[in-house]
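The structure under discussion appears below in the form of structure tokens.
The values are calculated or read from the model by the stated rules, or taken from the named source; none is laboratory data. Just so you know, these numbers come straight off a predicted model, no measurement behind them. All Cβ positions, even for glycine, are placed from backbone atoms using ideal geometry, and neighbour counts span all protein chains on display. Heavy atoms of the whole protein, side chains included, go into the accessibility calculation; ligands, DNA and RNA do not. Shrake-Rupley method; radii C 1.70, N 1.55, O 1.52, S 1.80 Å.
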There are 2 protein chains.
Amino acid sequence: MEIITTIEKVRNTINTWRKQGYSIGFVPTMGYLHDGHAALIDEARKNNDKVVVSIFVNPTQFGENEDLSSYPRDLNRDKTLCESHGVDLIFTPSPDEMYCNRKAFVNIIDLSDTLCGVRRPIHFKGVCTVVAKFFNIIQPNNAYFGEKDAQQLAIIRKMVFDLNFPVNIIGVPIVRESDGLAKSSRNTYLSSEERKAATILYKAIQEGKQAIKCGVSADTIINTMTNIVDTEPLAKIDYISVVDANTMQPVQEITSPVLVAMAVYIGSTRLIDNFSFDTK
Amino acid sequence: MEIITTIEKVRNTINTWRKQGYSIGFVPTMGYLHDGHAALIDEARKNNDKVVVSIFVNPTQFGENEDLSSYPRDLNRDKTLCESHGVDLIFTPSPDEMYCNRKAFVNIIDLSDTLCGVRRPIHFKGVCTVVAKFFNIIQPNNAYFGEKDAQQLAIIRKMVFDLNFPVNIIGVPIVRESDGLAKSSRNTYLSSEERKAATILYKAIQEGKQAIKCGVSADTIINTMTNIVDTEPLAKIDYISVVDANTMQPVQEITSPVLVAMAVYIGSTRLIDNFSFDTK
């Protein structure tokens, strides 16, 4: 497994692979890898000759009062996980290698304005820009994103469609702890008491899934899930929403594929979870 | 020479070429080709195995009151010019083929806000977005842009740098009529009287070039050029500016490479011209 920190070197290595006819699978991450990332890597490993993982805590997707400086990092542990899952190359550039007097941005309107975009207004601009950069540097055939970040996945799909990036986007299902909590690097912020309280998200997800099968309205689903989260004193809801699966715009009636998404503060840690529902 | 209108077909053709190891030179145009475009094509022809020309009057770079509907078009004439200059492929998609419920944009701050960006606030966002799309569809090794659109060239260079597009950008010098008027598809709008008046831009450019060699300030250059244009009753200055060649921001003293750029209305037709000056 190679570990490369510069754009020039990663391009040289990947160009050599491409000339040899190898397909490239790409898993972009912010590091502090967990089983959710491992599932992305395993999916990439199955369907590509070479697997590239980027590890980069992207400053442009963090707001001013967000957790950029405290975001957990452990490159040595990440290397071990990547090696054991058959990764060929880790690309881990510095912020200076990625950004120099930056003026160009990729932005998505409408899809970025709902759900997490309300609380994090610059977040998806930063995500789109850095993913566009990685796509241009690595030029993967396939790129893998977790369904836990469902809005991000929808936005990346739309960016790729609108800007014609020659990359297949593959969504990979949420990986959960045994008690249902979605795996996340940010779970490490939770105290043991908060960690127990955090299971309330999955309980709400399960009830929401039951409710939606009965053909109820979006409001009913949201109320059902809200009532469950409100039973947990350490939980404070940021949003629980039912949106169109493609446009990310709120819907009232469930007549086409939807995403039911939630963000909940457990103490000061903001956690997200979601499920998709197709009427077919 | 092939003429292709769909993204899927152009990708298939170019992928075949790429697998055969051919290098791809790309000349993006809005059609109604003239000798300036021919110079871009000739430059591409010299240094690439295959030359692709796009002909697309891009709606997203025209403001509401601009000349989208009246912009001159003549595909048959364009085909003849391309064929005679050895073009391998013309890609001429419809607006619907290029845009479908578009939400993603590429934007550049600061460099877009000066010069033509003052009068045309959405122009460069449209240019960056469509060029990003073409780069992703065609994946050229080299792309050719005219120096007449100097701000566009600086913006594209910055977009490619910031977003790491794997494309070399080559600027090609302005091609002029025998009386000095820069070749432009929009020259066709000029009446014969206006056509004569339009030479005032080049006269101002020549005087500006003389003045800058004397080591004068930006204001002196601008005044010199303004005085010349003002002698022409049919001419109305939009701007005459001296800007840093990379940042496109106005400068007072000429201590680093600069662009001296002008936009002048001749009747209702807006024409641009420029020259670069390096202190070395």
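Condition test on B:Glu43, is it away from every other protein chain (no Cβ under 14 Å), assigned to a helix (DSSP H, G or I) and on the phi < 0 side of the Ramachandran plot?
yes
For segment B:146-163, what are the residues that are among the acidic types (Asp, Glu) and either outside the structural domain of B:Lys125 (by TED's automatic domain parsing) or without any contact (Cβ under 8 Å) to a residue 60 or more places away in the chain (or both)?
Within segment B:146-163, just B:Asp162 meets the criteria.
Among (1) more than 24 Å from B:Thr92 (Cα to Cα); (2) surrounded by fewer than 19 Cβ atoms within 10 Å (Cβ to Cβ); (3) not hydroxyl-bearing (Ser, Thr, Tyr), where does B:Leu115 come up short?
Answer for B:Leu115: the failing condition is (2).
Which number in (1) within 30 Å of B:Phe165 (Cα to Cα); (2) polar (S, T, N, Q); (3) touching a Gly at 6+ places or on another chain (Cβ under 9 Å) marks the one condition that A:Asn168 misses?
(3)
Yes or no: B:Glu232 over 25 Å from B:Ile108 (Cβ atoms) and either among the hydrophobic types (A, V, I, L, M, F, W, C) or in a helix (DSSP H, G or I) (or both)?
no
Specify the residue that is farthest from A:Asp149 (Cα to Cα); the eligible residues are those in segment A:232-246 that are open to solvent by 30 Å² or more (accessible area, probe 1.4 Å) and among the hydrophobic types (A, V, I, L, M, F, W, C).
Among those residues, the one meeting the criterion is A:Leu234.
Determine which single condition A:Pro72 fails, assuming it passes every other condition in (1) in contact with a Phe, Trp or Tyr (Cβ under 6 Å, 6 or more places away or on another chain); (2) over 17 Å from A:Phe26 (Cβ atoms); (3) within 13 Å of another protein chain (Cβ to nearest Cβ).
Only one criterion is unmet by A:Pro72, namely (3).
Can you name the helices (runs of 4 or more DSSP H) wholly within segment A:80-174 that have at least 2 residues being within 14 Å of chain B (Cβ to nearest Cβ)?
In segment A:80-174, A:95-98, A:123-138, A:150-163 are the helices (runs of 4 or more DSSP H) which contain 2 or more residues that are within 14 Å of chain B (Cβ to nearest Cβ).
Residues of segment B:193-220 being β-branched (Val, Ile, Thr) and within 22 Å of the chain's Cα centre (by Cα), which ones?
B:Thr199, B:Ile200, B:Ile205 - these are the residues of segment B:193-220 that are β-branched (Val, Ile, Thr) and within 22 Å of the chain's Cα centre (by Cα).
Can you tell me which residue within segment A:185-200, out of those that are open to solvent by less than 30 Å² (accessible area, probe 1.4 Å) and part of a loop (DSSP other than H, G, I, E, B), is nearest to A:Tyr32 (Cα to Cα)?
A:Leu190
How do the pairs read when you match residues in segment A:262-276 that are without any contact (Cβ under 8 Å) to a residue 60 or more places away in the chain and at negative phi with residues anywhere that are assigned to a strand (DSSP E or B) and open to solvent by 40 Å² or more (accessible area, probe 1.4 Å), using Cβ under 6 Å and keeping only pairs 6 or more apart or on different chains?
Final answer for the pair search is A:Tyr265/A:Lys236.
Pick out the one residue from B:Asp78, B:Asp49, B:Asp67, B:Asp35 that is open to solvent by 60 Å² or more (accessible area, probe 1.4 Å), within 26 Å of B:Leu181 (Cα to Cα) and not hydroxyl-bearing (Ser, Thr, Tyr).
B:Asp35
Can you name the condition, by its number, that A:Arg18 falls short on among (1) without any contact (Cβ under 8 Å) to a residue 60 or more places away in the chain; (2) open to solvent by 20 Å² or more (accessible area, probe 1.4 Å)?
Just one mismatch for A:Arg18, condition (1).
Testing B:Cys128 on (1) open to solvent by 10 Å² or more (accessible area, probe 1.4 Å); (2) within 14 Å of the chain's Cα centre (by Cα), one condition comes back false. Which one is that?
With (1) open to solvent by 10 Å² or more (accessible area, probe 1.4 Å); (2) within 14 Å of the chain's Cα centre (by Cα) applied to B:Cys128, the lone miss is (1).
Based on what the data block shows, is A:Thr60 touching a residue at least 60 places away in the same chain (Cβ under 8 Å), surrounded by fewer than 16 Cβ atoms within 10 Å (Cβ to Cβ) and within 13 Å of chain B (Cβ to nearest Cβ)?
Numbers: touching a residue at least 60 places away in the same chain (Cβ under 8 Å): yes; surrounded by fewer than 16 Cβ atoms within 10 Å (Cβ to Cβ): no; within 13 Å of chain B (Cβ to nearest Cβ): yes.
Answer is no for this residue.
Residues are listed down the side, and each one gets a yes or a no for (1) surrounded by fewer than 17 Cβ atoms within 10 Å (Cβ to Cβ); (2) in contact with a Leu (Cβ under 7 Å, 6 or more places away or on another chain); (3) without any contact (Cβ under 8 Å) to a residue 60 or more places away in the chain:
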site	(1), (2), (3)
A:Asn168	yes, no, yes
A:Pro173	yes, no, no
A:Lys183	no, no, no
A:Asp230	yes, no, yes
A:Met248	no, yes, no
A:Val251	no, no, yes
